[in-house]
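See structure below.
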């Protein structure tokens, strides 16, 4: 089955992102395809490489980057939600005249159309949030 | 497009206090360009999103409720409001925005977009949706 994933919460306040990560791993193991993971609302905070949790805690951002690299998964951060919350890639840095960027490896910033497209293309869109 | 799907946006939260309602509406508006079959449902505190006469001037937050009136222009005319959620909050359909659309098949007659449905009816409607987005 082709799956689209939407994540609406940041990495640590809510368990949504962690649960989605576990869900994606299980789905891939079961032979399903993850078409795209779309990060919305505070979910965009999953996409900053500045995340530095204590060493005895799990690193959710790096886990997403690794999962994406190993399985060639498209991790998309919503641009409108990202701009509100200070998630910046090189393009956004230039466009908005910022002094740096913080996007994590394997993530890209794009529009809400990517979420709608996932809804259209996938057999199921699974939403993780509050 | 041949593969038109039934998109259902379920709005469960109050309009202010969190950003979910506003960012949900942003998805609905962007999604309207994709020519899918779109419906909205308002349940729980989500019914407050479409209460008329909202005034946010003392909050310092934009009152985005007028935007719902534009949905009809985007061919979004299936707006379901759960009866039990309204009743639990002492609200009736008269407390809600008058959301309408124009039916081109009936000489652009103005029709109501809002349908108050029971929880039982809404269950069936959600069941028949292809893509369910929860906000």
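The values are calculated or read from the model by the stated rules, or taken from the named source; none is laboratory data. Remember, it's a predicted structure, so these values are computed and weren't measured experimentally. Every residue, glycine as well, gets a Cβ built from its backbone with ideal geometry; the counts of neighbours run over all protein chains shown.
Only one of the numbered conditions (1) touching a residue at least 12 places away in the same chain (Cβ under 8 Å); (2) at negative phi is not met by residue A:41, and that is (2).
Got at least one residue in segment B:103-120 being away from every other protein chain (no Cβ under 14 Å), exposed (fewer than 11 other Cβ atoms within 10 Å of the Cβ), closer than 26 Å to residue A:129 by Cβ and out of contact with any strand residue (DSSP E or B) (no Cβ under 8 Å at 6 or more places or on another chain)? Yes, because at least one residue in segment B:103-120 is away from every other protein chain (no Cβ under 14 Å), exposed (fewer than 11 other Cβ atoms within 10 Å of the Cβ), closer than 26 Å to residue A:129 by Cβ and out of contact with any strand residue (DSSP E or B) (no Cβ under 8 Å at 6 or more places or on another chain). Taking only segment B:17-45 into account, find how many residues are more than 8 Å from chain A (Cβ to nearest Cβ), buried (at least 18 other Cβ atoms within 10 Å of the Cβ) and in contact with a strand residue (DSSP E or B) (Cβ under 7 Å, 6 or more places away or on another chain). Summing the residues that are more than 8 Å from chain A (Cβ to nearest Cβ), buried (at least 18 other Cβ atoms within 10 Å of the Cβ) and in contact with a strand residue (DSSP E or B) (Cβ under 7 Å, 6 or more places away or on another chain) in segment B:17-45 gives 10. Condition first: assigned to a strand (DSSP E or B), touching a helix residue (DSSP H, G or I) at 6+ places or on another chain (Cβ under 6 Å) and within 9 Å of chain B (Cβ to nearest Cβ). Now tell me which residues in segment A:105-130 satisfy that. Within segment A:105-130, just A:125 meets the criteria. Checked against (1) part of a loop (DSSP other than H, G, I, E, B); (2) in contact with a helix residue (DSSP H, G or I) (Cβ under 6 Å, 6 or more places away or on another chain); (3) more than 29 Å from residue B:34 (Cα to Cα), residue A:63 passes all but a single condition, namely (1). Regarding segment B:66-77, can at least one residue be identified that is at the interface with another protein chain (Cβ under 10 Å from one of its Cβ atoms) and outside any loop (DSSP other than H, G, I, E, B)? Within segment B:66-77, not a single residue is at the interface with another protein chain (Cβ under 10 Å from one of its Cβ atoms) and outside any loop (DSSP other than H, G, I, E, B).
Residues of segment B:121-135 that are assigned to a loop (DSSP other than H, G, I, E, B) and either within 14 Å of chain A (Cβ to nearest Cβ) or at pLDDT below 95 (or both): B:129, B:130, B:135.
Taking the criterion of being over 27 Å from residue B:45 (Cβ atoms) and part of a strand (DSSP E or B), the residues of segment B:82-110 that qualify are B:102, B:103, B:109, B:110.
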